[in-house]
Amino acid sequence: MAATAGQVAFAMEAFRRIHPVEFQRRFLSQETRHDGRAFGQFRATQVVKGTISSAQGSSTVRIGDTTVVCGIKAEVCEPDVRRPDEGYLVTNVDLSPMCSARFRAGPPGESAQVASEHIFRLFSGHVVDLRELCIESGQAAWVLSADIVCVRHDGNVLDAAIIALMAALEDLALPRATLDAGAVTADRSATTRLTLRRRLAPATFTLVDDAYLVADADDAEEQLATASLLVVLDGDGRLANVWKRGAGAIGRADIARCIEAAAARISATGE
Amino acid sequence: MSGVVVTPGRRLGLAAEYEAGSGTYVRSGMVYASILGTRAEEPAGDAGGKPTVRVERRNAKFAVPAVGSEVLCRVVRLNPRAASVAIMMVGETPCQEDFQGIVRVQDIRATEKDLVQMTESFRPGDVVRAEVISLGDQRSYYLATVRNEHGVVFAQSAAGNTMVPISWEEMQDPRTGAVEKRKCAKPF
Amino acid sequence: MATNIMDRRRINGPARSVEPLYGPGAAGADPFAGGRADGRGLDQVRAIYMKTGPLSGGQHEPSESAASGSAYYEQGRVRVSCAVYGPRQGRRSNARMGVFDCEFRYAPFACSWKRRSHVRGADEKEISLMLEHAVAPAIRLEAYPKACIDAFVTVIESDGKAATIAAAINCISAALADAGIEMYDSVAACSMGLRGAQWVADCCQAEEDAAPCSMLIAHMPSADEVTYILQHGKATPEQTDQAVQTCTNMCTRVYAVICRCLQASLE
């Protein structure tokens, strides 16, 4: 690039637009990031609970500029005949063309499917005791539809989605329900909260350009990602989930450091 | 009156008294603001002329190519008749997303058009400065690089190194010394 | 009984699920008994809160895939977000004029009754078209040949269908201004419901359900042009005339609020 510096006086913005890879490398090779963060630094996270009155539980989470809204609607269904004492928790992540120009309208794309599936496996049964959702064994149970809508995608949506779902579950007020002559009657004035088995806290680390391991990558950095590592810890600091994706190699020592960094972040945010 | 924040649809003055500048429009004898921004006035250029009123935007506007504008684009693919490019910047302003453009083989050079070979002018990945000559077909803008200052401004050699122009039709890899053919832009 | 559509690309719940019956509540009661539930006057619009740029700006240089403008709009319990992309290359193109496209969506949890399916409903498509027709006349599309301007609206919470559509129109107007799109004017919209012989402004869901007729008007106050009128239900022509008058006046008041918010976003 040095050879062309005199040839064309690229303005900063133009350089960023035309050579995104070179642009990021300039920062990363100087041990810094394009938004001024250190490699291990997370963006500020904001959680607001209970904003939506049309949902039984809700939350809005912002990580830097990434914004997701989670709403849980409680409906009644017949339980599965194989598990008559259990209800359902259904989690879906929605990445629409509204949140980023990278997404197209229509059915969920691959990243949304992967996120939905992973969050489902993380929460269903492990965080929420599905037996608590039973209203009348074999006859009626609650189905909690948790929809996580991303309204702005600026990287690390998976962390935001997990935090949002956790907060919405904590906010969830389930009306007391009784089965009465084949119909379920619910009483809005008497609500119960779910007992959550564990409180999950996520942290994502991304290998950018196959060389730099950064915490909480934003959209521009994710474009150059070759691997990412999701670490989910529970309230006691035990590992709930480690998920390494992508072809890039992350050393074992690095993984251990990431787990430590995730624990440090959780204690720093006071949770 | 200058420096006031105005919203689209705000009256700025009579068309008889003001010239409508950027960010404004005229309707039934009045000048109105068409964007959100701050009102600014410029005195008349010559005696007896009208002062110009315009609205200055706060944030950089995203550009749309127009006939005559200079654009910076990346070559996406080639065929013997035309090069497909993605327009990334118009003048100094980046586009929000790429616009598609085409440089036809007859629009690459001003002279000896019939001898121009596409593969001796561009390669996929090159960054090219060009001029919009027409709004083109359904999808693509038509671009031309006939002027001296238009052509390839950034290219990598087959070895992956950034090349420097050594003549109006050749670029050289400074590490390997390999020479490749391009329609080079005249450096400023 | 609702049947949930199975889709392998999503996490599916049970095949059928229903809202539980909520005990004896407000259902059937007259929402106007003893004045409006929230104590508003009949011609009063719910409190408006609006913010531009939550989905597009940022402390740092926004990434290139971020929206060019955005707005969040709240009117009582109606909450709407809008992101505007463009001018960019669209699927449809017109060499003379730009194209304005709008996509309206309810979040699955937005409605107070049942959960909405992920599949885009016919009403959402219809409302998308309504929003396009209401807002497009305000945009100087001739300034954007061959380009496309897309507005994406997501309803986070709905409280009154007509009021939600009006809120969406206001939100798009603000987001377009935030994106710096050339416009003739901002469009302001307002809805009303009929109550006896009296028009009631900005009905919430319970009031709307009890009203025999509703009216929605989108208006450009600076040019004094109406861009969209939707009336459905039963009303006499005189009542409709009167509604157009009152509703336009209310639009002007809403417009003032939008303009103040837009100005404040720059100051």
Name the one entry in A:Val90, A:Val114, A:Val81 that is of a type in the set (Val, Ile, Thr) and either in a strand (DSSP E or B) or facing chain C (nearest Cβ under 9 Å) (or both). A:Val90
Restricting the range A:117-139 to residues that are surrounded by fewer than 19 Cβ atoms within 10 Å (Cβ to Cβ) and either of a type in the set (Ser, Thr, Tyr) or part of a loop (DSSP other than H, G, I, E, B) (or both), which is modelled with the lowest pLDDT? A:Gly125
Could you please let me know if A:Val48 is within 23 Å of A:Arg197 (Cβ to Cβ) and hydrophobic (A, V, I, L, M, F, W, C)? no
Restricting the first residue to the range B:166-188 and requiring it to be of a type in the set (S, T, N, Q), which pairs with a second residue that is at pLDDT 90 or above and in a strand (DSSP E or B) meet a Cβ separation below 9 Å and a spacing of at least six or different chains? B:Ser167/B:Cys184; B:Gln172/B:Val164; B:Gln172/B:Pro165; B:Gln172/B:Ile166; B:Gln172/B:Val179; B:Gln172/B:Glu180
Selection over the range A:140-169 where residues are touching a strand residue (DSSP E or B) at 6+ places or on another chain (Cβ under 7 Å) and assigned to a helix (DSSP H, G or I) yields a count of 12
What number goes with the only condition from (1) assigned to a strand (DSSP E or B); (2) within 26 Å of C:Gly57 (Cβ to Cβ) that A:Cys99 does not pass? (1)
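Looking at A:Leu165, A:Leu179, A:Leu213, can you tell me which residue is in contact (Cβ under 8 Å) with a residue 40 or more places away in the chain and not assigned by TED's automatic domain parsing to the domain that holds A:Val151?
Numbers: A:Leu165 fails: not assigned by TED's automatic domain parsing to the domain that holds A:Val151; A:Leu179 fails: not assigned by TED's automatic domain parsing to the domain that holds A:Val151.
It is A:Leu213.
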Those strands (runs of 3 or more DSSP E) completely within the range A:179-237 that have 3 or more residues that are among the hydroxyl-bearing types (Ser, Thr, Tyr) are A:183-192
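Return a yes/no flag: does the range B:176-186 have any residue that is surrounded by fewer than 20 Cβ atoms within 10 Å (Cβ to Cβ), assigned to a loop (DSSP other than H, G, I, E, B) and among the small types (Gly, Ala, Ser).
Yes, some residue in the range B:176-186 is surrounded by fewer than 20 Cβ atoms within 10 Å (Cβ to Cβ), assigned to a loop (DSSP other than H, G, I, E, B) and among the small types (Gly, Ala, Ser).
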Return yes or no: is C:Asp150 within 12 Å of another protein chain (Cβ to nearest Cβ), of a type in the set (Asp, Glu), part of a loop (DSSP other than H, G, I, E, B) and in contact (Cβ under 8 Å) with a residue 40 or more places away in the chain? no
Looking at the range C:86-142, which of its residues are part of a helix (DSSP H, G or I) and of a type in the set (Ser, Thr, Tyr)? C:Ser128
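Can you pull out every residue in the range C:220-253 that is free of Cβ contacts under 8 Å to residues at least 12 places away in the same chain and either under 19 Å from the mean Cα position of the chain (by Cα) or not in a loop (DSSP other than H, G, I, E, B) (or both)?
The answer is C:Pro237, C:Glu238, C:Asp241, C:Gln245, C:Asn249.
Taking B:Gly91, is it on the phi > 0 side of the Ramachandran plot, away from chain C (no Cβ under 14 Å) and not β-branched (Val, Ile, Thr)?
Spelling it out, B:Gly91 is indeed on the phi > 0 side of the Ramachandran plot, away from chain C (no Cβ under 14 Å) and not β-branched (Val, Ile, Thr).
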Being among the aliphatic types (A, V, I, L, M), free of Cβ contacts under 8 Å to residues at least 60 places away in the same chain and over 30 Å from A:Ala249 (Cβ atoms), is that true of even one residue in the range A:188-207? yes
Could you check the range B:149-175 and list, in sequence order, the residues that are among the hydroxyl-bearing types (Ser, Thr, Tyr) and buried (at least 16 other Cβ atoms within 10 Å of the Cβ)? B:Ser157, B:Thr162
Filter the range C:96-118 down to the residues that are more than 9 Å from chain A (Cβ to nearest Cβ) and touching a residue at least 60 places away in the same chain (Cβ under 8 Å) and list them by number. C:Cys102, C:Phe104, C:Ser117
For B:Val146: the one exception among (1) out of contact with any Phe, Trp or Tyr (no Cβ under 9 Å at 6 or more places or on another chain); (2) loosely packed, with under 15 Cβ neighbours inside 10 Å: (2)
Within the range A:62-78, the residues that are under 18 Å from C:Phe152 (Cα atoms) and more than 9 Å from every other protein chain (Cβ to nearest Cβ) are A:Thr66, A:Val68
What strands (runs of 3 or more DSSP E), lying completely within the range B:1-51, carry at least 2 residues that are touching a residue at least 12 places away in the same chain (Cβ under 8 Å) and over 17 Å from C:Gln263 (Cα atoms)? B:11-14, B:30-33, B:37-42
Go through the range C:170-213 and report how many residues are among the hydroxyl-bearing types (Ser, Thr, Tyr), assigned to a loop (DSSP other than H, G, I, E, B) and either away from every other protein chain (no Cβ under 14 Å) or surrounded by 24 or more Cβ atoms within 10 Å (Cβ to Cβ) (or both). 1
Of the residues that make up the range C:135-145, is at least one surrounded by fewer than 24 Cβ atoms within 10 Å (Cβ to Cβ) and of a type in the set (Lys, Arg)? yes
Of the criteria (1) surrounded by 22 or more Cβ atoms within 10 Å (Cβ to Cβ); (2) of a type outside the set (Val, Ile, Thr); (3) facing another protein chain (nearest Cβ under 10 Å), which one C:Ser93 fails: (1)
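The values are calculated or read from the model by the stated rules, or taken from the named source; none is laboratory data. Values in this document were obtained by computation on a predicted structure and should not be read as measured data. Positions of Cβ are generated from backbone atoms using ideal geometry, with glycine treated the same way; all protein chains shown enter the neighbour counts.
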